[in-house]
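*Asks:* Structure provided below as structure tokens; questions to follow.
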Amino acid sequence: MNPQIFEKMKQFYEELDKHLLSVEGNVCKACQCNECCTFAAKGGKHSVSDLEFDYIEHYYQKTGYPQANVSLFKEYLSKKKDNNGNVIHAVCPFFNHEEHACSIYPARPISCRVYGSYFLEGMPVPSKCYFKNIGKTIKTGNFFKEFPMALEFCELKSQHMGSLPMRTSKKETTSLILWDLANLDNDDAANDPFILGCKLEREGKLGKAAEPFEQAMKLYPSWSFIPCCLGTNLVRLKRLEEAIKAYKQALSLSPDNAFYHFVLAFALKLNGQYDEAQLEYEKAVELNPQNVIALASLANLHQKKGNLQASMNLFQKALKLDPDSAFLRFHFAQLLLKLNEIKEAESQLEKAIELEPDFPPPYLQAAHVYSIQNKTLQAQEVMKKYEELSRKQLAASLTFGFHLEKS
Ligand code: SF4
Ligand code: SF4
């Protein structure tokens, strides 16, 4: 985890704790119901963000405590079942039965931290819960207004998102936008313009989403993620000038967010502003060297501008980080062809096909490579496969509207 984000999250928890009800001793021991630590196993929606998982791991690595086993926690939250169809963890694996307490208390996630002090409307609260009548109930539609430090948390999540590795290989694809709105996914939540915008976007009603995002920007002017969402919506609507403006607005609120630099670069590139796009991709890579998509996009951009050696260096860097990416190998092969390195291009394309047999573009490229070497039979074979796959698959490699366009 990025150390700066870790520190910010630590401070965030310290501040959040000031908003919680303070009680003497372990009142939960008397309750004995475990409701909050068995909620997910009983079928409830208990969401924890990637930022919080990372924080738990990092917290215990730093303190020298045996590393908290976050994977077991994830199994519990996802209600993972055994071969007999029973949930593997009926109680959260971090629950200490002897102490009747949380074993990762200082690093526990927000949902656990606020339970008792704040209840999201509709959440079950056991009758014997100490906090039942003193905790505040929050309507989901008022979440951002009433939940303590909700916007600060969202801001941190956006920063964390910008620092995550981004891969293109199938087994490791990182989703570019983590909506993380599981708790808010009901009709009432649509009273909030930000949630409404997200819902419309998710339902594919792109033309209708911009307006609620603009309203949300007025309502929460310091939250950088909203102009970023607006920008993404506008890119999908091909309103690039406006999208660029929205991304710049996001960056003015959060200048070190690598993800915002990345999406701005993408919009600039689509708009033909290659020099500006290059600067933004460079900044995105500087802030997050694990962003393989930004590295590859920068490599493609250099290729477009005729800087073939720079492109080669970047592809090599990207392939080191993400060697199982058919996507990268396909784009790298295009560069190799430009450099007239036919044999190496052929080998990259064959590797791409082996890694991802359903991805059509390498077949077409391979047909070209075989035919210039007079390997007619092989060329016909891959061309046939390309046509077959292309019929089945129109828009491969799209992840929330972003893709590495062909150079
Ligand atoms: S239900 Fe209430 S009293 Fe019982 S363990 Fe949970 S927070 Fe504590
Ligand atoms: S992390 Fe701690 S507080 Fe949260 S569910 Fe697990 S044991 Fe309970």
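*Asks:* So which residues in the stretch 82-114 are touching a strand residue (DSSP E or B) at 6+ places or on another chain (Cβ under 6 Å) and either touching a residue at least 60 places away in the same chain (Cβ under 8 Å) or more than 23 Å from PHE12 (Cα to Cα) (or both), if there are any at all?
*Replies:* Answer for the stretch 82-114, where residues must be touching a strand residue (DSSP E or B) at 6+ places or on another chain (Cβ under 6 Å) and either touching a residue at least 60 places away in the same chain (Cβ under 8 Å) or more than 23 Å from PHE12 (Cα to Cα) (or both): just VAL87.
*Asks:* Keeping to the stretch 111-148, report how many residues are more than 15 Å from ligand 2 (Cβ to nearest atom), within 25 Å of PHE53 (Cβ to Cβ) and in a helix (DSSP H, G or I).
*Replies:* The qualifying residues number 3.
*Asks:* Could you tell me whether the stretch 53-63 includes any residue that is within 15 Å of ligand 2 (Cβ to nearest atom) and assigned to a loop (DSSP other than H, G, I, E, B)?
*Replies:* Start the filter on the stretch 53-63 by keeping residues that are within 15 Å of ligand 2 (Cβ to nearest atom), which leaves 53-57, 59-60.
Next, from what is left, pick out any that are assigned to a loop (DSSP other than H, G, I, E, B): none.
Checked the stretch 53-63: no residue is within 15 Å of ligand 2 (Cβ to nearest atom) and assigned to a loop (DSSP other than H, G, I, E, B).
*Asks:* Being more than 14 Å from ligand 1 (Cβ to nearest atom), out of contact with any Cys (no Cβ under 9 Å at 6 or more places or on another chain) and β-branched (Val, Ile, Thr), is that true of even one residue in the stretch 114-132?
*Replies:* No, the conditions are met nowhere in the stretch 114-132.
*Asks:* Given (1) β-branched (Val, Ile, Thr); (2) surrounded by fewer than 18 Cβ atoms within 10 Å (Cβ to Cβ); (3) touching a helix residue (DSSP H, G or I) at 6+ places or on another chain (Cβ under 6 Å), identify the lone condition not met by ILE138.
*Replies:* Looking at each condition in turn, ILE138 falls short on (2).
*Asks:* Can you name the number of the only condition in (1) surrounded by fewer than 23 Cβ atoms within 10 Å (Cβ to Cβ); (2) in contact with a Leu (Cβ under 9 Å, 6 or more places away or on another chain); (3) more than 23 Å from GLY197 (Cα to Cα) that SER297 fails?
*Replies:* Here SER297 meets the rest and fails (1).
*Asks:* Still on this structure, I have one more. Among (1) away from ligand 1 (no atom under 15 Å from the Cβ); (2) more than 25 Å from the chain's Cα centre (by Cα); (3) surrounded by 15 or more Cβ atoms within 10 Å (Cβ to Cβ); (4) among the aliphatic types (A, V, I, L, M), which single condition is ALA107 missing?
*Replies:* (2)
*Asks:* Kindly indicate the residue of the stretch 26-40 that is in a loop (DSSP other than H, G, I, E, B) and within 10 Å of ligand 2 (Cβ to nearest atom) and also surrounded by the fewest Cβ atoms within 10 Å (Cβ to Cβ) among those meeting that condition.
*Replies:* ASN34
*Asks:* Something else: Give all pairs with beta carbons closer than 6 Å in which a residue from the stretch 272-283 that is under 17 Å from PHE315 (Cα atoms) meets a residue that is buried (at least 16 other Cβ atoms within 10 Å of the Cβ) and of a type in the set (Ser, Thr, Tyr); count only pairs at least 6 apart in sequence or on separate chains.
*Replies:* Note: pairs meeting the criteria are TYR281/SER297.
*Asks:* Do any residues in the stretch 7-24 that are loosely packed, with under 13 Cβ neighbours inside 10 Å and assigned to a helix (DSSP H, G or I) have Cβ atoms under 8 Å from those of residues that are of a type in the set (A, V, I, L, M, F, W, C) and at pLDDT below 90, where the two are at least six apart or on different chains, and which pairs are they?
*Replies:* Note: pairs meeting the criteria are GLU15/MET149.
*Asks:* If I go through the stretch 285-294 residue by residue, how many of them are buried (at least 23 other Cβ atoms within 10 Å of the Cβ) and within 15 Å of TYR247 (Cβ to Cβ)?
*Replies:* Total satisfying the criteria: 1.
*Asks:* Ok, one more. Away from ligand 1 (no atom under 16 Å from the Cβ), small (Gly, Ala, Ser) and closer than 28 Å to GLY162 by Cα: is that true of SER71 in this structure? Lay out the reasoning, then the answer.
*Replies:* On the way: away from ligand 1 (no atom under 16 Å from the Cβ): yes; small (Gly, Ala, Ser): yes; closer than 28 Å to GLY162 by Cα: yes.
Judged against the criteria, SER71 is a match.
*Asks:* Moving to a separate point now. Look through the stretch 75-86, keep the residues that are within 27 Å of the chain's Cα centre (by Cα) and surrounded by fewer than 18 Cβ atoms within 10 Å (Cβ to Cβ), and return whichever of them is farthest from ligand 2 (Cβ to nearest atom).
*Replies:* My answer is LYS81.
*Asks:* Here's another thing I want to ask about it. Of ASN288, ASN271, ASN307, ASN340, which residue is among the polar types (S, T, N, Q), under 23 Å from the mean Cα position of the chain (by Cα) and more than 23 Å from LYS385 (Cα to Cα)? Steps first, please.
*Replies:* On the way: ASN271 fails: under 23 Å from the mean Cα position of the chain (by Cα); ASN307 fails: under 23 Å from the mean Cα position of the chain (by Cα); ASN340 fails: under 23 Å from the mean Cα position of the chain (by Cα).
That would be ASN288, the only listed residue that is among the polar types (S, T, N, Q), under 23 Å from the mean Cα position of the chain (by Cα) and more than 23 Å from LYS385 (Cα to Cα).
The values are calculated or read from the model by the stated rules, or taken from the named source; none is laboratory data. Note that the coordinates shown come from a computational prediction; the quantities given were computed from them, not determined experimentally. Methodologically, a virtual Cβ is constructed for each residue, glycine included, from the backbone with ideal geometry; neighbour enumeration extends over all protein chains shown.
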